[in-house]
Amino acid sequence: MSRLFRDADGGPLCPQGSVVCIGAFDGLHLGHRALVRHAAERARALGLPLVALSFEPLPREFFAAAGQAPRPPRLSLARAKFEGLCSLGADLVGLLRFDARLAAMSAEAFVAQVLAGRLRARAVLVGPEFRFGHRRAGDLETLRREGAAHGFVAEAIAPVAVDGERVSSTRIRAALQAGEFGNAAQLLGKPYAIGGRVVRGRQLGRTLGFPTANLRFGNKMPALSGIYATWVHGIGERPWPSVSSLGTRPTVAGVEPLLEAHLFDFDGDLYGRRIEIEFVAHLRAERKFPDLAALTEQMHRDAAQARELLSLDVLQRRLQPASPPDPRTASAATAEKIA
């Protein structure tokens with residue numbers, strides 16, 4: 001069972017040593033997966049635990065909250081990151097709380113306190129163009145120099161390319177915002193989806209004839225917004241066809257981002273259940289309607305279009321070769337502790 005830790009301070013977590021891979025891991029795309037798998041192979045060869053090390057909030061989110069940078073869109077939330085890293089073989093996942101103290105920590109202090117002190121690293125693996133420490137002053141050469149003093153080796157894996165271009169979270173966000181879900185899936189290694197626990201909303205959709213299963217995005221900024229044809233996973237043996245809205249609901253004066261999925265021909269209580277909503281096609285942008293009647297009329301049109309697109313999606317998937325299932329195993333009890 002994988003374990004989670006959040007603090008840079010504290011005693012050794014891996015007294016016998018560890019292999020550490022470090023990254024933002026937002027979306028866990030093909031480049032991230034290559035890094036974690038390479039580190040997992042090294043850990044097995046050395047007979048040591050694998051530690052996947054990241055940050056929550058991400059550094060760019062911290063600096064955006066402080067007004068020092070634009071707010072970055074997120075591909076996935078903390079729980080999905082934890083579960084994904086566990087499924088790739090991490091024995092220990094660190095989602096370090098990125099705060100003012102950690103932002104001010106020098107690269108050398110981070111190596112001494114976290115990599116050498118808490119994790120007893122024997123090998124540290126990072127992605128291309130890795131930077132760390134105060135003002136991003138540390139790089140691979142810093143890791144190698146400090147590693148020689150603290151008893152570990154450091155290396156960067158080669159970039160993973162698709163269609164001649166490096167796979168990156170930035171590239172995936174651009175594909176999602178353009179509605180290119182096939183391209184995003186190719187870069188991620190799986191269809192793009194957002195998971196979470198169904199929460200109660202204002203139940204306005206129910207009064208309009210469109211009850212929804214609602215997922216909150218916390219204080220994070222989603223990588224996309226609008227109305228979509230979607231599949232909902234976690235209801236039964238097969239994904240459930242649906243139409244979903246991701247945004248702030250301007251017609252009813254919403255504020256925080258909310259993902260609302262209307263499951264076609266479904267009758268049941270989903271409150272408290274964990275589901276995953278897979279995005280298939282973009283239908284339209286979110287917009288404000290003059291009244292609820294106009295909104296309801298448009299919702300009927302959206303639903304009809306989504307049904308049609310999902311019927312085509314089923315046919316296309318039947319023509320494609322079967323792919324192995326995506327592993328989704330982790331400790332739910334541990335994941336619940338992620339803030």
Note on Val36: of the conditions (1) farther than 22 Å from Arg197 by Cα; (2) in contact (Cβ under 8 Å) with a residue 60 or more places away in the chain, unmet is (2)
If you go through Gly196, Gly182, the only one that is of a type outside the set (Phe, Trp, Tyr) and exposed (fewer than 15 other Cβ atoms within 10 Å of the Cβ) is Gly182
If you go through Gly31, Gly67, the only one that is at pLDDT 95 or above and closer than 30 Å to Gly247 by Cα is Gly31
Going through (1) surrounded by fewer than 20 Cβ atoms within 10 Å (Cβ to Cβ); (2) touching a helix residue (DSSP H, G or I) at 6+ places or on another chain (Cβ under 7 Å) one by one, Ala34 fails only at (2)
Exactly one of Leu176, Leu224, Leu215 is assigned to a helix (DSSP H, G or I), surrounded by 16 or more Cβ atoms within 10 Å (Cβ to Cβ) and not small (Gly, Ala, Ser), and that one is Leu176
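Here's the yes/no breakdown for (1) at pLDDT below 95; (2) in contact with a Lys or Arg (Cβ under 7 Å, 6 or more places away or on another chain):
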site: Leu13; (1), (2): no, yes
site: Gly23; (1), (2): no, no
site: Glu41; (1), (2): no, no
site: Leu48; (1), (2): no, yes
site: Val51; (1), (2): no, no
site: Arg60; (1), (2): yes, no
Does region 77-88 contain at least one residue that is in a loop (DSSP other than H, G, I, E, B) and within 20 Å of the chain's Cα centre (by Cα)?
yes
Notebook entry, point to check: Does Leu119 qualify as being touching a Phe, Trp or Tyr at 6+ places or on another chain (Cβ under 8 Å) and either touching a residue at least 40 places away in the same chain (Cβ under 8 Å) or polar (S, T, N, Q) (or both)?
Noted result: no
Ala43 fails exactly one of (1) more than 18 Å from the chain's Cα centre (by Cα); (2) within 21 Å of Asn219 (Cβ to Cβ), namely (2)
Taking region 228-287 and keeping residues surrounded by 15 or more Cβ atoms within 10 Å (Cβ to Cβ), outside any strand (DSSP E or B) and among the aliphatic types (A, V, I, L, M) leaves Ile235, Leu270
Selection from region 1-42 of residues assigned to a helix (DSSP H, G or I) and touching a Gly at 6+ places or on another chain (Cβ under 8 Å) yields Leu30, Gly31, His32, Arg33, Leu35, Val36, Arg37, Ala40
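The values are calculated or read from the model by the stated rules, or taken from the named source; none is laboratory data. All values reported here derive from a predicted model rather than from experimental measurement. Note: ideal-geometry Cβ built from the backbone for every residue, glycine included; neighbour counts use all protein chains shown.
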